[in-house]
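Here the structure comes first, spelled out in structure tokens, and everything after it is commentary.
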Amino acid sequence: MTTLTVDLDAIAANFRSLAARHRAPVAGVVKADAYGMGAPAVGARLFSEGARHFFVAYAEEALALRPHVPGAMLAVLNGLDPAMAGLFVAHGLAPVLGTLGEIACWSAQARCIGRALPALVHVDTAMNRLGLSGRELGRLAAEPQRLDGIDVLFVMTHLADAEDAANPRNAAQAARFEAACAALPPARRSVANSSGVFLGGLVRSDLARPGAALYGINPTPGQTNPMRPVMRLTARVLQLREVMPGETVGYNGIWAAPRPTRVATVSVGYADGYHRAMSGRPPGAGAPAAAFDGARLPLIGRISMDLATFDATDHPGVDQGSEVELIGPAIPPDEVALWAGTNGYEVLTSLRPRHGRIYAAL
Ligand SMILES: *Cc1c(COP(=O)(O)O)cnc(C)c1O
């Protein structure tokens, strides 16, 4: 059984440090259950820290969060499903409008109820994923009455390379966005994600949209992580056993003992979000491990659904019932991501702690 401890004070501290750096309002991106940290608790805490802008991916996420962030802007990144327009109005949600069709739908909704409705307008400047294309932007610029009844809170775009500060594509996106904003009726702008906050003056952004950095993921890869760790995933040692040289551990015998080895079997597996892809990496520096009392126990053998095995030979303090850290201050999510061949975002959003979440200082 795994336990996820989430430090709301650390998330609040990360929020304040991003706000100090951005020098303009900072939103809380709390999609995917606040990157696995629990959207209601995180949303409520950021709200009490003064956050008045929140982003989620889906309307359903917004409805669940609404009571925790009363009166705040609550924006739905994945846009407006016409079938849900009434719900958006009833709960004061702001859709992120990324097509002329969505704009027409929201404008019609405003006309129908006889008052202006809040929204963000998303302009695509590189991702080719969501947001108005260049052609659609041209049509909107030529016919601004398409926005009648829409209170455009922000025009926004999303950076594709912000974590790579030296990448010239950042400046190219900034220039494209500048041109797009000049073509549209004046409005405030929202550009910077976590890494975008660290790009300095490259982009003018009146509202930052950090997610990852709030949750302790390094927004400046390759440099020291300026954010505080906010979470710890722990699990207990169920059994210890001695294996002789040549004996194998776990499925398919991918690991054989090179020496008499004390094996600690821990109650964590890929069903908890402890990625199976970490299995079988060569030992040594950069090898997957769990932390115990300041030491690292190397992962051995294949990660199973509910179990993983670690080499405790050099750590006699590890005992049955000992709690080891799998991800946390000693084993950062970004490092786990390297082992698993993914990023820190997927490491956090994969977590399915079976003991649930505890909100406490780390
Ligand atoms: C997820 C998301 C963010 C937050 O990005 P981070 O890199 O986690 O800070 C910001 N904007 C949009 C459009 C997103 O989808």
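The values are calculated or read from the model by the stated rules, or taken from the named source; none is laboratory data. This structure is a prediction, so every number in the text was calculated from the model and none was measured. Using ideal geometry, Cβ is built from the backbone for each residue, glycine included, and neighbour counts are taken over all protein chains shown. SASA here: full protein model, heavy atoms, side chains in, ligands and nucleic acids out. Shrake-Rupley method; radii C 1.70, N 1.55, O 1.52, S 1.80 Å.
The rows are residues; the columns are (1) modelled with pLDDT of 95 or more; (2) assigned to a loop (DSSP other than H, G, I, E, B); (3) touching a Gly at 6+ places or on another chain (Cβ under 9 Å).
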residue	(1), (2), (3)
ASN218	yes, yes, yes
PRO229	yes, yes, yes
ARG241	yes, no, no
ARG262	yes, no, no
TYR274	yes, yes, no
PRO282	no, yes, no
ALA285	no, yes, no
ALA291	yes, no, yes
LEU297	yes, no, no
Residue count, the range 265-296 (criterion: surrounded by 18 or more Cβ atoms within 10 Å (Cβ to Cβ), free of Cβ contacts under 8 Å to residues at least 60 places away in the same chain and either under 18 Å from GLU247 (Cβ atoms) or in contact with a Pro (Cβ under 7 Å, 6 or more places away or on another chain) (or both)): 3
Collect the residues in the range 109-127 that are touching a residue at least 40 places away in the same chain (Cβ under 8 Å), of a type in the set (A, V, I, L, M) and within 20 Å of CYS181 (Cα to Cα), keeping them in residue-number order. LEU120, VAL121, VAL123, ALA126
Within the group LEU46, LEU8, LEU97, which residue is of a type in the set (A, V, I, L, M) and open to solvent by 10 Å² or more (accessible area, probe 1.4 Å)? LEU8
Could you check the range 71-86 and list, in sequence order, the residues that are more than 20 Å from HIS53 (Cβ to Cβ) and either open to solvent by 30 Å² or more (accessible area, probe 1.4 Å) or among the basic types (Lys, Arg) (or both)? ASP81, PRO82, ALA83, MET84, GLY86
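Table: residues versus (1) free of Cβ contacts under 8 Å to residues at least 24 places away in the same chain; (2) among the acidic types (Asp, Glu); (3) within 16 Å of the ligand (Cβ to nearest atom); (4) open to solvent by 10 Å² or more (accessible area, probe 1.4 Å).
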| residue | (1), (2), (3), (4) |
| --- | --- |
| SER194 | no, no, yes, no |
| ALA208 | no, no, yes, no |
| THR224 | yes, no, no, yes |
| VAL237 | no, no, no, no |
| GLY250 | no, no, no, yes |
Of the residues in the range 90-127, how many are farther than 24 Å from ARG52 by Cβ and within 13 Å of the ligand (Cβ to nearest atom)? 4
Does at least one position in the range 213-221 carry a residue that is open to solvent by 30 Å² or more (accessible area, probe 1.4 Å) and more than 12 Å from the ligand (Cβ to nearest atom)? no
Condition broken by TRP106, with the remaining ones in (1) free of Cβ contacts under 8 Å to residues at least 40 places away in the same chain; (2) under 19 Å from ALA57 (Cβ atoms) satisfied: (1)
For residues that are open to solvent by 60 Å² or more (accessible area, probe 1.4 Å) and either within 16 Å of the ligand (Cβ to nearest atom) or in contact with a strand residue (DSSP E or B) (Cβ under 7 Å, 6 or more places away or on another chain) (or both), tally how many sit in the range 128-159. 4
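Grab the helices (runs of 4 or more DSSP H) fully contained in the range 90-201, keeping just those with 2 or more residues being closer than 26 Å to ALA64 by Cβ.
Those helices (runs of 4 or more DSSP H) span 100-113.
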Within the range 299-312, which residues are more than 21 Å from GLU346 (Cα to Cα) and either assigned to a helix (DSSP H, G or I) or out of contact with any Leu (no Cβ under 7 Å at 6 or more places or on another chain) (or both)? ILE300, GLY301, THR309
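Does THR342 fit the bill of being among the polar types (S, T, N, Q), surrounded by fewer than 18 Cβ atoms within 10 Å (Cβ to Cβ) and touching a residue at least 12 places away in the same chain (Cβ under 8 Å)?
Spelling it out, THR342 is indeed among the polar types (S, T, N, Q), surrounded by fewer than 18 Cβ atoms within 10 Å (Cβ to Cβ) and touching a residue at least 12 places away in the same chain (Cβ under 8 Å).
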Residue count, the range 200-257, condition touching a strand residue (DSSP E or B) at 6+ places or on another chain (Cβ under 7 Å) and among the hydrophobic types (A, V, I, L, M, F, W, C), comes to 15
Note down all Cβ pairs under 6 Å where the first residue falls in the range 128-153 and is acidic (Asp, Glu), the second is outside any strand (DSSP E or B), and they're at least six residues apart or on different chains. GLU136/LEU100; ASP148/SER107; ASP151/ALA116
